[in-house]
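Accompanying notes for the structure given below.
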Amino acid sequence: MSSTAPDTAPRGHIPGTRRPHHPAATAAPRHALRRAAPALAAYLAVRLTGLVFLAVWAHRRHHGVWPMLATQWDSRWYLGIADHGYAHALGTAYDHNNLAFFPLYPLLVKAVAVLTPGTRASTGLALAWLASLIAAWGVFAVGDRLAGRRVGVLLTVLWAAYPVGLVQWMGYTESLFTAFAAWTLYAVLTERWLYAAAGSVLAGLTRPTGIAVAAAVTVTALLSLRSRFSARALTAALTAPLGWCAYVGWVGVRLGRWDGYFAVQRMWHNELDGGAETLRWLRHLFGQVSRPELFLVVVSLTMLVSVVLFGLSAADRQPLPLLVFSAVLLLIVAASGGVYFPRARFLLPGFPLLLPVAGYLARASTRVRVLVLTTAVAGSAYCGAYMLLVWPSAP
């Protein structure tokens, strides 16, 4: 973005990163939280708008909001893991095998539920909501460091108004994963390598796409060694993938086969096919004579726009760790031969892709900014409610 600070990297600095746009970027946590307060307030306003819209629509259709947010679809799988643990055998059908789901979120649900009142479902939802705020703070911190407070706030609002942003307040792992991803990337940008390593390990225990966070840390850390050796950077490079590798390895041991995790994914019809299935869906949706299903159109447009935004991010010389994270995340989602309809959700943690839009809005007139953000918030509210009340499958 032309509004970002120039690349004036000192000796030993991370390739592709930039100095803080504002001194507060390295302030104490209390001052950093005060600086992020407008972004967090805006985030809550956007998500509460979506929740109220969902509640009104659900009331008219005689549906309860709580079950949809806390106990349906993937939430049920995570609660099942918290209650009963993981399967011991591969089995013959995906609906009898929960090893496709990474362990950190259900373990947190189980641990916190012991110490708090209420059900594990309420605990899981509360954790997701808390994680969403931590994620929003991390998203702001990255935007603020690269281009200042206004861009940071706008980036947070855009992430909150993601088309399937309602998932951030469901009993899913997207908010927790985004929190780890955002703060890990911030740690890399500020060269806090041990924090980056820890965040990457935790991200790798949260979602399969944790490998994208690990790639961002490892690649950036290794390249930083070219200009100056750092034991911490080398430690981060070697440690970053361990969370993801630990769970994949554990599944292999549990099932007694080296490819155990990948066998589970094949059972769930999730295999890399180079994008053939993605192209088939796109041709089917946009080539059919009849009107395609709205939610699938939203998923398809989200994927296509994400590819365009990645091109803009690369052209804008976005910092290397952000580009690596976005590239690997996009590659995993687009090249997967698995189920199509959750792919917009899978891309939700890719907040760096929104930086070009945030930069543009920061320079745009107030009228354009209000129009774009209002449209995004309204569209997100409608899409989120449609996703849970009309679309018949998982979000």
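The values are calculated or read from the model by the stated rules, or taken from the named source; none is laboratory data. None of these values were measured; they are calculated from a predicted model. Glycine gets a Cβ as well: all are built from the backbone with ideal geometry, and neighbour counts include every protein chain shown.
Observations, loosely collected:
- Taking the criterion of being in a loop (DSSP other than H, G, I, E, B), at pLDDT 95 or above and polar (S, T, N, Q), the residues of region 195-229 that qualify are Thr206, Thr209.
- Given (1) surrounded by fewer than 17 Cβ atoms within 10 Å (Cβ to Cβ); (2) under 17 Å from the mean Cα position of the chain (by Cα); (3) in contact (Cβ under 8 Å) with a residue 24 or more places away in the chain, number of the condition Arg363 does not satisfy: (2)
- Residue that is nearest to the chain's Cα centre (by Cα), among those in region 66-102 that are farther than 20 Å from Pro342 by Cβ and small (Gly, Ala, Ser): Ala82
- Restricting the first member to region 66-88 and to residues that are among the hydroxyl-bearing types (Ser, Thr, Tyr), and the second to residues that are part of a helix (DSSP H, G or I), the beta-carbon pairs closer than 6 Å and six or more apart or on different chains are Thr71/Ala121; Tyr78/Tyr105; Tyr78/Pro106.
- Every listed requirement among (1) in contact with a Phe, Trp or Tyr (Cβ under 7 Å, 6 or more places away or on another chain); (2) not aliphatic (A, V, I, L, M); (3) not in a loop (DSSP other than H, G, I, E, B) is met by Cys245 save one, (1).
- Any hit, region 280-296, residues being of a type in the set (Val, Ile, Thr) and touching a helix residue (DSSP H, G or I) at 6+ places or on another chain (Cβ under 7 Å): no
- Scan of region 66-93 for residues that are over 25 Å from Arg254 (Cα atoms) and among the small types (Gly, Ala, Ser), ordered by number: Ala70
- A search for C-beta distances below 8 Å between a residue of region 325-341 that is without any contact (Cβ under 8 Å) to a residue 60 or more places away in the chain and closer than 24 Å to Glu293 by Cα and any residue that is surrounded by fewer than 17 Cβ atoms within 10 Å (Cβ to Cβ) and of a type in the set (Ser, Thr, Tyr), counting only pairs 6+ apart in sequence or on different chains, returns Phe341/Ser393.
- Listed by position, the helices (runs of 4 or more DSSP H) enclosed by region 261-353 that each have at least 2 residues that are over 28 Å from Val248 (Cα atoms) are 276-287, 294-315.
- Every test in (1) among the small types (Gly, Ala, Ser); (2) part of a helix (DSSP H, G or I); (3) surrounded by fewer than 19 Cβ atoms within 10 Å (Cβ to Cβ); (4) in contact (Cβ under 8 Å) with a residue 12 or more places away in the chain is passed by Ala111 save one, and that test is (4).
- All conditions but one from (1) surrounded by fewer than 23 Cβ atoms within 10 Å (Cβ to Cβ); (2) within 20 Å of the chain's Cα centre (by Cα); (3) closer than 20 Å to Gly143 by Cα; (4) not small (Gly, Ala, Ser) apply to Tyr340; the one that does not is (3).
- Of residues in region 218-264 being touching a His at 6+ places or on another chain (Cβ under 8 Å) and polar (S, T, N, Q), the one surrounded by the fewest Cβ atoms within 10 Å (Cβ to Cβ): Ser227
- Single unsatisfied condition, Gly171 versus (1) crowded, with 24+ Cβ neighbours inside 10 Å; (2) in a helix (DSSP H, G or I): (2)
- Of Arg47, Arg18, all but one fail to be crowded, with 19+ Cβ neighbours inside 10 Å, under 30 Å from Arg145 (Cα atoms) and modelled with pLDDT of 95 or more; the exception is Arg47.
- Looking only at region 301-322, residues that are surrounded by 20 or more Cβ atoms within 10 Å (Cβ to Cβ) and within 12 Å of Leu189 (Cβ to Cβ) come to 4 in all.
- Pro163, sole failed condition from (1) under 20 Å from Ala36 (Cβ atoms); (2) in contact (Cβ under 8 Å) with a residue 40 or more places away in the chain; (3) not hydrophobic (A, V, I, L, M, F, W, C): (1)
- Residues satisfying the stated conditions in region 123-138, i.e. surrounded by fewer than 23 Cβ atoms within 10 Å (Cβ to Cβ) and over 15 Å from the mean Cα position of the chain (by Cα): Leu125, Ala126, Leu127
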